[in-house]
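Chemist: Just passing along the structure, written as structure tokens.
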Amino acid sequence: MMKLLYNLTFCWLVALQGCNDSADPVAVRHRLIYNNDGTEILGNNWFNKRPLTLGDLNRYVDMVANSQVTTFMICSGSDFFYYRSKYGSIIGDDKNGQLNCGKNTALYNTLRRFYHNAMVLDKEGTDIVEATLKRAKEKKLEAFITYRMNDLHFADTTTQCSIQYSDFWIAHPEWWTNDTTLTGWHSNNALDFAHKEVRDHKLGIIKEQLEKYDMLDGYELDFMRFIVYFKRGEGVKNAPLMTGLVKDIRNIVDSLSHVRKKKILLTARVPPMIETCIDKGLDVKEWVKQGLLDFVTLGIHWLGEPAMPVAQFKKDLGYDTPVYATIDDGGYLPREVYSHGMYRGMASHALAQGADGINLFNYFFTEYNNAGGQLHPLEGTEVCRTIAPELLQEIGSLETLKKRNKIYSLSDGASSYGLQPNSPLPLKVTENAGATIYVGDDVQEDQPEEIVLFVRTNTRDTLSVSINGYFLQHQNPAYPQLFDKLQNIKDTQKVSAYIVPAAHLVQGENKINFSTTGTNVVVQRIELALKYGAVEQYGFF
């Protein structure tokens, strides 16, 4: 019934075109966006890495269609290409044996598999970008390209893996940031957008793709892959250069929209705080003010953000532009794959804070397909961490998230590329030490069967914990194992499970305070589980 209501609502939004046709992108505000990075398809990872066929490729789209997903985004690469381009080589091209990967034969073989599969499609007169866009349109989905503005996956000079170096990048080390003070993986090898030649190169690639794929509904500039564009401290002064680049892209998009008599959307994925954006050289507020973007997606890099600050971003942005929240596939340090309950909690958090939809990043079905499409909890738990298509029927709407088992959480403070998590953790327990956790559920209207607050600390000292002024009096020592909260735990650490009476939890911000008689006690994780019933009916945690 919930799926029917969701689809009826979506069809109503596009009623001018009819429910059986692809939606005019300008008519839609609420979205569940699915982002595929392209290499999953080129490697055919979902289907045992067998040689890629068009039938397999179609299934990458089909597995997310017929769900709450409204929009399919296919990554077109960055300075490596998934199609024949005048700006560089197809990924994995070894130039007839001239390029290799040193001793890393596994990486070499992976890149060559990408290339061979791209050539299979090339012989059939297509490529993964064109084929997935067409399939998405056939499945009544919006069809977008997402372009990684400065991908650093292939910028490691220490590997001596020449097959992974893009032509433009390796030819122009003078146009790298060459700044060893930057934080983040390969940042000193990132292309520096202060150079006009770099901006012109990127503009040429984007123009080529916009002109090549005429079935496009929209184009995303993914600034989160990777969030390095200038030397340290030069983002603010160079922000007008990036605004100029985005404006040039907008002009191309508008020109093609006029020629094709169809609105093509332009969007960007950016850091979740306005001040961080400008610090990185991305004046998103100015872009929106000038009408350069049709919507904005908030993102983070690799370590995840389970409490995306959507409401604050929208307030700071100051314009009624649709804002979407990215959900990555994992977080914490050491990194853990998110569970089903955490996906629901993150979606509920973002949507309840006013997000116009969700963008799923790295949501891959490799493990799901390898298990024959069967979902099972981890042994001895009520938790499933297998990314699955079933969740695509739930996480796109607050209505379908109602009374579903979920977990709200805060980042443990791990960050990359200088991005600031929306979290006070790690939190040293001193007088009046506290944190706030946001709950999207109306727990008074739809009261959970049980609410459990999990707190991980660096020592085994006893904590006194209160929530909204109420001191929590009961714990269940079996719950950390049952809810799989002991991953990567050390002998000196402790996870406590406090039972929270529903009467003392509110929809919105909930203040948690800590005190202890111990010394140097640090709260490292905070997670809040809302259990509505048995996992067979209400979903795995």
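Chemist: Out of every Cα pair in region 324-380, what percent are spaced more than 18 Å from each other? All intermediate terms of the calculation are to be shown ahead of the outcome.
Modeler: On the way: 702 of 1596 pairs.
When all Cα pairs of region 324-380 are counted, 44 percent exceed 18 Å.
Chemist: Kirkwood hydrodynamic radius, region 197-337, all distinct C-alpha pairs: what's the number in Å? Mind dumping the intermediate values first?
Modeler: Values: mean 1/r = 0.0627 Å⁻¹.
About 16.0 Å, per the Kirkwood formula over Cα pairs.
Chemist: With the other protein chains left in place, how much accessible area per residue, in square angstrom, belongs to the chain at a 1.4 angstrom probe?
Modeler: Numbers: 21300 Å² over 541 residues.
Here the per-residue accessible area is 39 Å².
Chemist: Give the shape of the chain as rounded, prolate or oblate, defined through the alpha-carbon gyration tensor: a ≥ b ≥ c are the square roots of its eigenvalues, a/c under 1.5 means rounded, and otherwise the shape is prolate if a/b is larger than b/c and oblate if not.
Modeler: On the way: a/c = 1.59, a/b = 1.44, b/c = 1.11.
Judged from the Cα gyration tensor, the chain comes out prolate (a/c at least 1.5, a/b above b/c).
Chemist: Towards the positive end of the charge dipole of the chain, with charges on Cβ (+1 Lys, Arg; -1 Asp, Glu), say which of Gln475, Leu210, His30 has the farthest Cα.
Modeler: Leu210
Chemist: Modelled label-to-label distance, Arg232 and Lys247, 7 Å Cα→beta-carbon offset: nm?
Modeler: 3.2 nm
Chemist: Another question, if that's okay. Sort the following peptides by mean Cβ neighbour count (other Cβ atoms within 10 Å, averaged over residues), highest first: 87-96, 423-432.
Modeler: Highest to lowest by the protection proxy: 87-96, 423-432.
Chemist: Given Ser397, Ile451, Ser411, which one lies farthest toward the positive end of the charge dipole of region 384-510, if we put +1 on the Cβ of every Lys and Arg and -1 on the Cβ of every Asp and Glu?
Modeler: Farthest towards the positive pole: Ser411.
Chemist: Looking at the square roots a ≥ b ≥ c of the eigenvalues of the Cα gyration tensor of region 370-416, which shape do they give, rounded for a/c under 1.5, prolate if a/b is larger than b/c, or oblate? Walk me through the intermediate numbers first.
Modeler: Details: a/c = 1.66, a/b = 1.13, b/c = 1.47.
In terms of gyration-tensor shape, oblate.
Chemist: Taking all protein chains in place and a 1.4 Å probe, what share, in percent, of the accessible surface of region 126-259 do carbon and sulfur account for? Spell out each step's value before the answer.
Modeler: Working: 2540 of 4860 Å².
Here carbon and sulfur together make up 52 percent of the probe-accessible area.
Chemist: Obtain the nm distance between the two label points defined at Asp320 and Asp214 by a simple spin-label model: each point lies 7 Å from its Cα along the Cα-to-C-beta direction.
Modeler: With each label point 7 Å from Cα toward Cβ, the separation is 3.6 nm.
Chemist: Angle between the Cα long axis of helix 128-138 and the longest principal axis of the chain, 0 to 90 degrees, nearest 10?
Modeler: Result, in degrees: 70.
Chemist: Using only the C-alpha atoms of region 401-541, find the volume of their convex hull and express it per residue in Å³.
Modeler: Cα-based convex hull of region 401-541, divided per residue, equals 123 Å³.
Chemist: Pull out a ≥ b ≥ c, the square roots of the eigenvalues of the alpha-carbon gyration tensor of region 30-80, then state rounded if a/c is under 1.5, prolate if not and a/b is larger than b/c, and oblate in the remaining case. Mind showing how you got there, number by number?
Modeler: On the way: a/c = 2.83, a/b = 1.32, b/c = 2.14.
Oblate.
Chemist: Using only alpha carbon positions, build the gyration tensor of region 70-137, then give the equivalent ellipsoid semi-axes as the square roots of 5 times its eigenvalues, largest first, whole angstrom.
Modeler: Working: eigenvalues 121, 32, 25 Å².
Semi-axes from the Cα gyration tensor: 25, 13, 11 Å.
Chemist: Filter the cross-link list Lys237/Lys285; Lys314/Lys428; Lys428/Lys511; Lys137/Lys406 down to pairs whose alpha-carbon distance in this structure exceeds 23 Å. Numbers along the way, then the final one.
Modeler: On the way: Lys237/Lys285 15 Å; Lys314/Lys428 30 Å; Lys428/Lys511 16 Å; Lys137/Lys406 33 Å.
With Cα atoms farther than 23 Å apart: Lys314/Lys428; Lys137/Lys406.
Chemist: How many percent of the accessible area of region 333-452 is carbon or sulfur, using a 1.4 Å probe? If you can, show how the numbers build up before the last one.
Modeler: Values: 1920 of 4300 Å².
Answer for region 333-452 is 45 percent, counting heavy atoms of protein chains only.
Chemist: Between Gln493 and His258, what is the FRET efficiency for a Förster distance of 45 Å, r being their Cβ-Cβ separation, to the nearest 0.05? Mind dumping the intermediate values first?
Modeler: Values: r = 60 Å, r/R0 = 1.33.
Working from the Cβ atoms, E equals 0.15.
Chemist: Provide the FRET efficiency to the nearest 0.05 for the Thr517-Leu378 pair, computing r from the beta carbons and using R0 = 35 Å.
Modeler: Working: r = 35 Å, r/R0 = 1.00.
According to the calculation, E is roughly 0.50.
Chemist: Let me ask something additional. Looking at region 139-185 from every direction and averaging, what is the projected area of its Cα convex hull in nm²?
Modeler: Details: hull surface 21.7 nm².
The directionally averaged projection comes out at 5.4 nm².
Chemist: Can you give the extra length, in nm with one decimal, that the chain gains between Asn178 and Ala478 once fully stretched, where that is 0.36 nm per residue apart less the Cα-Cα distance? Provide the component values of the computation, followed by the final result.
Modeler: Values: separation 300, 0.36 × 300 = 108.00 nm, distance 5.14 nm.
Fully extending the segment from Asn178 to Ala478 adds 102.9 nm.
Chemist: So, with +1 on the Cβ of K and R and -1 on the Cβ of D and E, and no other charges, what is the size of the charge dipole of the chain about its Cα centre, to the nearest 20 debye? It would help to have the intermediate numbers written out before the result.
Modeler: Details: 56 positive and 64 negative charges, 70 e Å.
I would put it at about 340 debye.
Chemist: Hey, another quick one. Whole-Å semi-axes of region 461-541's equivalent ellipsoid, largest first, each the root of 5 times a Cα gyration tensor eigenvalue? Before the final figure, lay out each step's value.
Modeler: Numbers: eigenvalues 101, 71, 21 Å².
Ellipsoid semi-axes (Å, largest first): 22, 19, 10.
Chemist: Using 17 Å as the cut-off for backbone N distance, which residues of region 351-365 belong to the label zone defined by a point 7 Å from the Cα of Ala311 along Cα→Cβ?
Modeler: 351-357
The values are calculated or read from the model by the stated rules, or taken from the named source; none is laboratory data. These numbers come from a predicted model, not from an experiment. As a convention, Cβ positions derive from the backbone with ideal geometry for all residues, glycine included, and neighbour counts pool all protein chains shown. Surface areas here come from the heavy atoms of the whole protein model, side chains and all, with no ligands, DNA or RNA. Shrake-Rupley method; radii C 1.70, N 1.55, O 1.52, S 1.80 Å.
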